[in-house]
């Protein structure tokens, strides 16, 4: 009899590095000869993470329009659809970055309600240093309200282990200070150090995930009023567009310049970026640029070295601002950036909103 698929969910706040970590894990398991399925999640369709993972040859399903907890059947149906050709050995799940209470609403229902058995791995939550210093270090909560901080803290509270990501961007003493802050507030939760980008600490992550035992058991008390208000403070935007020009455009430069333009707008408007990603695509070519906070600089996280006259673009933005303002800024930035390149930007679809109140399909204490 075939063993149950291993279910690995990696949580964490927006911009923590979940997608990069999951991509590295998927590549690792694929090298071991495992059949890997990935399930991404978002409050709307047109997700950069899904496109980026598919560009690397992974089998990816997307639960769009609501979080895993509020669309539990969407999660299980997506896993089943990915299993139609070949049963996966590993299911990697990436929940929405503003969600918490996932042990009670996702992991426990998978164990107790879903008809197909899963082998549940330890549940890891990634944090990025800027969030750690802002919230745990008491740096005035710049860009964060107490309600958004509540979600961040609850995410850590239910974790089987904490993944401190982006250690390659920190001095050794900064890493130690973050470890000290985490150990002070969460003394019973193991902490791993990781650079999902470089691979530093990745072997330790794999070893931890390979453990068997009673994981996914940290059930919390959650105030869903505070939780809902914290999520609703974010403007959420997903956009699809096509860029066209009579002159060749260097795709990498265009994407990075667009994100830099938006970064300056957010700083000027005092609107804190939780995460902003843009992917450019054409004929099997992909490039990605992203921004993870106002305090950090935009980066080109995936280069293409491609230039041409036409490409498609998908942009995801999560910003602490009114959605209508965010939409205006995105439309203006796309138009101005295209004009800079003597090009036109035709928007095919755009969704902009605040997340609704989370109403879990199941919640098992």
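Taken together, the values in this text are just the output of simple stated rules run on the coordinates, not laboratory data. Everything numeric here is computed off the predicted structure, so don't read it as measured data. All Cβ positions, glycine included, derive from the backbone under ideal geometry; neighbour counts span all protein chains shown.
The figures follow:
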| item | result |
| --- | --- |
| Region 8-25 and region 285-302: distance between their alpha carbon centers, rounded to Å | 16 |
| Mean Cβ neighbour count within 10 Å, used as a protection proxy, ranking 186-194, 43-51 highest first | 43-51, 186-194 |
| Unit Cα scatterers, Debye sum, region 222-282: log10 I(q)/I(0) for q = 0.16 Å⁻¹ | -0.70 |
| Label selected from (1) 17.5; (2) 23.2; (3) 16.5, the criterion being mean projected area of the Cα convex hull in nm² as computed here | (1) |
| Per-residue [θ]222 nm for the chain (sum of -39500 (n - 2.57) over DSSP H runs n ≥ 4, rounded to 500) | -10000 deg cm²/dmol |
| 5 Å-binned pair-distance histogram of region 208-365 (Cα, whole percent) | 2, 8, 16, 18, 15, 12, 9, 8, 6, 4, 2, 0 |
| Förster-model FRET efficiency, 45 Å R0, residue 325 and residue 54, C-beta, rounded to 0.05 | 0.90 |
| Contour excess over end-to-end distance, with Cα ends at residue 247 and residue 172 and 0.36 nm allotted per residue | 22.4 nm |
| Contour excess over end-to-end distance, with Cα ends at residue 113 and residue 339 and 0.36 nm allotted per residue | 76.0 nm |
| Along principal axes, Cα extents of region 1-121, largest first, whole Å | 38, 33, 22 |
| Computed lengthening from residue 357 to residue 27, 0.36 nm per intervening residue step minus Cα-Cα distance | 115.3 nm |
